[in-house]
Structure formats: C-alpha cells, structure tokens
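First comes the structure, then the notes that go with it.
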2 protein chains.
Amino acid sequence: MKYLHHPDREEIQLSSVLYALSDPVRLFIISEIQRSGERSCGEIDVPVVKSTLSHHSRTLREAGVVHVRVHGTQRLLSLRTEDLEYRFPGLLGSILEAYERTGEKIQ
Amino acid sequence: MKYLHHPDREEIQLSSVLYALSDPVRLFIISEIQRSGERSCGEIDVPVVKSTLSHHSRTLREAGVVHVRVHGTQRLLSLRTEDLEYRFPGLLGSILEAYERTGEKIQ
C-alpha cells in the first residue's frame, strides 16, 4: 500500500493550516467531509478537474488538516478533527462555522 | 490625505482572511497590534525590510483584517476586531489564541 506522509500533530503549523483553508474549494471539501465523515475524492462534488482535486487533497494533507487513506485506486479523505482540536482548540470549529455562516461560493 | 481602500465588512471573505493570516510575519503583526492597539509599521519589531512590511500591511488591509490610517509619512495599523467579529464571530479570537498557544516563530 502506498504510504502518504502526514505530519505528526505536534508538527502541525498554524500558518500552514490557515493557508490550506484559504481557498474556497478546500473550504468546501472540509465542510463536506466534516458533515459526511470519510469520503473519496470522487464523491466530493466540486467543479474542478481530478488533478486539481488531487492538488487540493495534498495541500490539506501536508498541512495536517486531513488524513488520506489509500484504498485500491481510491483516496479516502477524513478530517483530522482530534489532532487539530488538540493542537488548536476551537480553531477548526470557528472556521467551519464562519464558512457555513457566510457561504462563500466556489469560483 | 491619501485614501487607502478597505473592504466593507459585508465584503470580507473568509478565504481572504485566512490567506492574510497564513504567514508567520502577518500573524506576528496582528498579535502585536491586538495587544498594543494602533501602531505604526515602524513600531512593529519584525525582521523584514520596509518594503516587505508594506506588502504584509497591504495584504492584511485588502483582506479586511486591519485598518491602515495614513498620518504624515506614517501608516498606522489597527485590527478590525469589530468588523471581523460581526462577520465571523469567534474566528479572530481562536486564531490569536492558537498563535499564542503554539508560538510559531518568524522564519
């Protein structure tokens, strides 16, 4: 099975998390997987091509925001809620709430 | 007096705010002005050249995070706490708390 690197919770940097979430498509992705739990890239309904979605998935993974599990040809994304809560209590919740509240549209 | 554009509070976008705060120097700047209130760029002790500081100030202003007041040759920065709280309740506080907690260093 292919190994994908994920930063340890202690290594997760605030600036990297904020950068990973500074894009409307990535905000949409985390909002979706927060609601539904683990999902494959293919199940996330965003108007971007597959390579762009892979790029977003990688940015979120490298920042420590999502965990990506490789299952056959699928990549299954889940939020690292516990790790983020441990590192930055309340942060993810306030960002998701701000996103739901203002409903920023995907360009 | 030179006019600098600031977005209206209703125009402030979550992704732009998160992008503006996704840099250790800009996180340091807002942490400083949150503590001290309005400060000039010259009073903020960051290890970057003046033009870089101007760039950071502009990024924060255009995202709606800071207000910049021109006073003679000085530019005075203050946090748009009320506008951000109105738009995204709790967000700025949770980011500043996360910053204080983990003490991300300026590279």
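The values are calculated or read from the model by the stated rules, or taken from the named source; none is laboratory data. The model shown is predicted, which means the values in this text are computed figures rather than measured ones. Cβ sites come from the backbone with ideal geometry, for glycine too, and all protein chains shown count toward neighbours.
Residues that are surrounded by 14 or more Cβ atoms within 10 Å (Cβ to Cβ), closer than 24 Å to A:Y86 by Cα, within 14 Å of chain A (Cβ to nearest Cβ) and at pLDDT 95 or above are absent from region B:47-59 altogether. Inside region B:17-46, residues that are within 20 Å of B:H6 (Cα to Cα), hydrophobic (A, V, I, L, M, F, W, C) and buried (at least 19 other Cβ atoms within 10 Å of the Cβ) make up a count of 8.
Being of a type in the set (D, E, K, R), surrounded by fewer than 20 Cβ atoms within 10 Å (Cβ to Cβ) and either over 28 Å from A:E104 (Cα atoms) or free of Cβ contacts under 8 Å to residues at least 40 places away in the same chain (or both) is a property that does not hold for B:E11.
All told, B:L60 meets the bar of being in contact (Cβ under 8 Å) with a residue 12 or more places away in the chain, assigned to a helix (DSSP H, G or I) and in contact with a helix residue (DSSP H, G or I) (Cβ under 6 Å, 6 or more places away or on another chain). Within region A:21-36, the residues that satisfy the criterion of being more than 20 Å from B:E100 (Cα to Cα) and facing another protein chain (nearest Cβ under 8 Å) are A:S22, A:D23, A:P24, A:L27.
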